Amino acid sequence: MIRVCFHGAESTGKSVLSERLHRRFGWPVVAEYGRNYAETHGLDFTMADLLAIAEGQDQAMRAAAATRPEVLVLDTDPLMTAAWAEMLFGTVPDVLFDYTKADLYLLFAPDVPWIEDGTRFFGSDEARARFAEVSEAMLVRADVPYRRVEGDWDAREAQVVEAIEQILVTRV
């Protein structure tokens, strides 16, 4: 099984492309637990909320991994929660780096239009750029393999598919 995690600032297409890949290849997707959490508990996050989101995301990822699909697409994981912790509180609890890591992270650039959906925080160009930098810093800190994804929706999808196909070939 190969775990591929989408990573990056808000409104960069992670959920859109997760769904596209599911429809195209049938690969299961572990949705973003934090979105449901925010819709249920509100947006006035504390660090305890972020830790609960990371734990909920991990539980969902473990449940999906138990089915042993060839490819498991993760819309996010606790490393993205680490980026949120840095953005919101200026600090990152070490526990956010202790969860199981994906085999490959795909870092989505903030070069597509921002879409407000009621759960997003960082819509200005400056804030999006900062969130993108922080997101990449979490991948570097965790010392995980990653590739950048950018461009329009079709370009992003092509880059994601190519990256996944490459890792599938190397695993055979």
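The values are calculated or read from the model by the stated rules, or taken from the named source; none is laboratory data. Since we're looking at a predicted model, the values are computed, not measured. Here the Cβ is made from the backbone with ideal geometry for all residues, glycine too, and neighbour counts use every protein chain on show.
Among strands (runs of 3 or more DSSP E) entirely within segment 70-165, having at least 1 residues that are modelled with pLDDT of 95 or more and farther than 14 Å from His7 by Cα singles out 71-74. Among the residues of segment 1-17, the one identified as within 9 Å of the chain's Cα centre (by Cα) and in a loop (DSSP other than H, G, I, E, B) is Ala9. Taking every residue in segment 37-63 that is within 17 Å of Asp77 (Cβ to Cβ) and without any contact (Cβ under 8 Å) to a residue 60 or more places away in the chain and pairing it with any residue that is of a type outside the set (A, V, I, L, M, F, W, C) and in a loop (DSSP other than H, G, I, E, B), at least 6 positions away or on another chain, the pairs with Cβ-Cβ distances below 7 Å are Leu51/Pro93; Ala54/Tyr99; Gln57/Thr76; Gln57/Asp77; Asp58/Tyr99; Met61/Asp77.
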